[in-house]
Structure formats: C-alpha cells, structure tokens
Amino acid sequence: MSAADLQAWRARGRLVEATPRGHRAFFIEEGDSAAGPDETLVLLHGFPESSFSYSGAFPLLGERFRRVVSFDFIGFGFSDKPAEGFAYSLMEQADVALRILRDAGVTGCHFVAHDMGDTVMTELLVRLNSNCPEWFAGGIRSVTFTNGSMVLG
C-alpha cells in the first residue's frame with residue numbers, strides 16, 4: 001500500500017453525513033446503484049482498519065455483484081474522528097451503518113463483515129430481523145463473518 005493507492009481510493013469515494021450531529025463517513029461504491037438486493041454486496045471493515053482493506057477485492061466482487069458498497073466507520077479511515085458527540089460504541093456504529101445504507105438506497109443486500117464489523121453485523125441482524133424498516137424491504141440475503149468474534153447480548 002502506498003500513499004498514492006490511498007489517495008486513489010479516497011478519490012473514488014465521498015463523504016456522507018452519517019450521524020444526527022453531522023459527522024461524516026467515507027462512502028465508496030462501484031457498479032449500478034439501482035441493483036436489487038440479490039445483486040448488492042455491503043462490506044463492513046474491522047478494527048483498526050477501513051474500507052481500504054477491501055480495495056483489492058472490489059474488482060473481483062464486482063464480477064459477482066452488480067453493486068459493491070463499503071464505508072469507513074466513524075473514527076476510521078477517511079471518516080470523521082469527532083472528539084465529542086460520538087462515543088464510538090458498536091451500537092452507534094450500527095446506527096451509522098443503517099443511515100448510510102438507507103441514504104444510499106440499499107433496499108436489501110448480502111453482507112461480508114470482518115473483525116469489529118462482525119459485532120456491528122450481529123447488532124444489525126438483531127435490528128433488521130426484529131423490526132425491519134420499510135426501506136430495507138429486500139432484507140438480508142446472506143451474511144459472511146470473517147476473523148472475528150461476536151458480542152451477543
């Protein structure tokens with residue numbers, strides 16, 4: 001990884017508002033934003049990583065899925081790192097994920113989660129299976145957990 005690789009990754013994405021207090025998250029997607037739930041993949045990164053961890057996989061995943069989406073959790077990668085107004089809890093990171101997916105028009109998808117992303121994904125499973133919002137009517141198609149543990153409560 002070089003500084004040029006990171007800058008190229010940054011140039012492919014954008015900052016989006018991700019919290020009620022206006023904190024911004026780095027968001028990146030490739031493919032067709034109109035792709036349906038069966039054709040959309042969302043990647044959740046681990047600790048202390050960022051969406052850049054998936055940069056080498058994006059082209060390969062794009063051969064299988066029409067839309068590939070990832071973002072940097074608040075405090076990671078190119079996202080904001082607020083000193084106040086965000087506690088960096090896994091519950092808040094799940095809130096961030098849901099807001100980003102809603103605002104990006106993801107109506108359902110497959111997920112791949114890594115490390116810390118596994119625990120955030122576990123919270124998303126609870127939320128989306130117990131009280132799925134209308135905007136996510138396409139639902140969770142599949143979940144792949146990699147290299148992590150889940151905190152189940």
| field | Test for residue 21: is it surrounded by fewer than 17 Cβ atoms within 10 Å (Cβ to Cβ), of a type in the set (Lys, Arg) and over 22 Å from residue 93 (Cα atoms) | value | no
| query | Given the residues 104, 94, 57, which is the only one that is more than 19 Å from residue 147 (Cα to Cα) and among the small types (Gly, Ala, Ser)? | reply | 104
| What about residue 112, is it touching a residue at least 60 places away in the same chain (Cβ under 8 Å), out of contact with any Gly (no Cβ under 8 Å at 6 or more places or on another chain), under 19 Å from residue 136 (Cβ atoms) and not in a loop (DSSP other than H, G, I, E, B)? | yes
| said: Here is a list: 52, 47, 26, 73. Which entry is among the aromatic types (Phe, Trp, Tyr), surrounded by fewer than 21 Cβ atoms within 10 Å (Cβ to Cβ) and either closer than 20 Å to residue 145 by Cβ or modelled with pLDDT of 95 or more (or both)? | reply: 47
| request: Scan the range 35-62 for residues that are in contact (Cβ under 8 Å) with a residue 24 or more places away in the chain, over 18 Å from residue 75 (Cα atoms) and not β-branched (Val, Ile, Thr) and jot them down. | output: 35, 36, 37, 38, 39, 41, 55, 58, 62
| Odd one out for residue 83 among (1) among the hydrophobic types (A, V, I, L, M, F, W, C); (2) in contact (Cβ under 8 Å) with a residue 12 or more places away in the chain; (3) part of a loop (DSSP other than H, G, I, E, B) | (2)
| message | For the structure I just gave you, tell me whether residue 134 is more than 29 Å from residue 7 (Cβ to Cβ) and open to solvent by 40 Å² or more (accessible area, probe 1.4 Å). | response | yes
| Residues within the range 87-123 that are open to solvent by 20 Å² or more (accessible area, probe 1.4 Å) and not β-branched (Val, Ile, Thr), tallied | 18
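The values are calculated or read from the model by the stated rules, or taken from the named source; none is laboratory data. What you see is a predicted model; the values in this text were computed from it and never measured. No Cβ is skipped: glycine too gets one built from the backbone with ideal geometry, and neighbour counts run over all protein chains shown. Ligands, DNA and RNA are stripped out before the accessible areas are found, and what is left, the full protein with its side chains, is counted by its heavy atoms. Shrake-Rupley method; radii C 1.70, N 1.55, O 1.52, S 1.80 Å.
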